[in-house]
Amino acid sequence: MIHRIPSGTRDVLPDEMRELRAITGALLQTFADSGYGEISTPAVEYEDTLRRADIGVLPSYRVVDDHGEVLALRSDMTVPIARVVATRYGDAEPPLRFCYAAHAYRAVRPHRGEMREFLQAGIELVGAPGPQGTGEVLTVLCRSLEATGLKAFSVGLGDARLYP
């Protein structure tokens, strides 16, 4: 008997998991070395919180809790971190620097090979002036890619040709 898993998800076996942990560790270390503090948020949020962000990504999984509230798995990390900033760092002096490596979940079209569950790693720089903040984030991005062992890469900024 074959036991299925939900479409858009997969099992990660030991050899690949070791590689994934090494990459994730290199990213998080680079983020920390750049002054970003690691943050963890619940995988599940109130659906109305996620919908308020209106980022154009629908939640893939919804449940109703024992109080009748609709909960959804996060579709990315930006919204939960924005919630943390608004609720826990309202009086903090900007800029705020957070980093993460966590699973996120998105609704996908069936049979397109898109992942419904994926690992997202990144940084959030909150309250930094535009050009300086952009420069900092791009510097951390390049250092992070180098730390994972990538030898050559290109970064496109504001280039519409990236999206198709």
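The values are calculated or read from the model by the stated rules, or taken from the named source; none is laboratory data. Because the structure is predicted, anything quoted here is derived from the model rather than measured. All Cβ positions, glycine included, derive from the backbone under ideal geometry; neighbour counts span all protein chains shown. Accessible surface is based on the protein model in full, side chains and every heavy atom, while ligands, DNA and RNA are left aside. Shrake-Rupley method; radii C 1.70, N 1.55, O 1.52, S 1.80 Å.
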Verdict on T78 being under 15 Å from the mean Cα position of the chain (by Cα), among the hydroxyl-bearing types (S, T, Y) and open to solvent by 50 Å² or more (accessible area, probe 1.4 Å): yes
Selection from segment 1-41 of residues that are outside any helix (DSSP H, G or I), surrounded by fewer than 16 Cβ atoms within 10 Å (Cβ to Cβ) and in contact (Cβ under 8 Å) with a residue 60 or more places away in the chain: P6, S7, T9, R10, G35, G37, E38, S40
Residues of segment 143-158 that turn out to be part of a loop (DSSP other than H, G, I, E, B), polar (S, T, N, Q) and open to solvent by less than 70 Å² (accessible area, probe 1.4 Å), as a count: 1
Unique residue being surrounded by 12 or more Cβ atoms within 10 Å (Cβ to Cβ), of a type outside the set (K, R), in contact (Cβ under 8 Å) with a residue 40 or more places away in the chain and in contact with a Pro (Cβ under 8 Å, 6 or more places away or on another chain) when the list is V85, V126, V108, V140: V126
Of all residues in segment 111-123 being open to solvent by 50 Å² or more (accessible area, probe 1.4 Å) and assigned to a loop (DSSP other than H, G, I, E, B), the one that is nearest to Y89 (Cα to Cα): M115
Sole exception among (1) surrounded by 13 or more Cβ atoms within 10 Å (Cβ to Cβ); (2) modelled with pLDDT of 95 or more; (3) closer than 15 Å to A104 by Cβ for E45, by number: (2)
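The rows are residues; the columns are (1) under 15 Å from A101 (Cβ atoms); (2) of a type in the set (F, W, Y); (3) over 14 Å from the mean Cα position of the chain (by Cα).
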| site | (1), (2), (3) |
| --- | --- |
| F31 | yes, yes, no |
| G35 | no, no, yes |
| E38 | yes, no, no |
| T41 | yes, no, no |
| E45 | no, no, yes |
| R52 | no, no, yes |
| D66 | no, no, yes |
| L71 | no, no, yes |
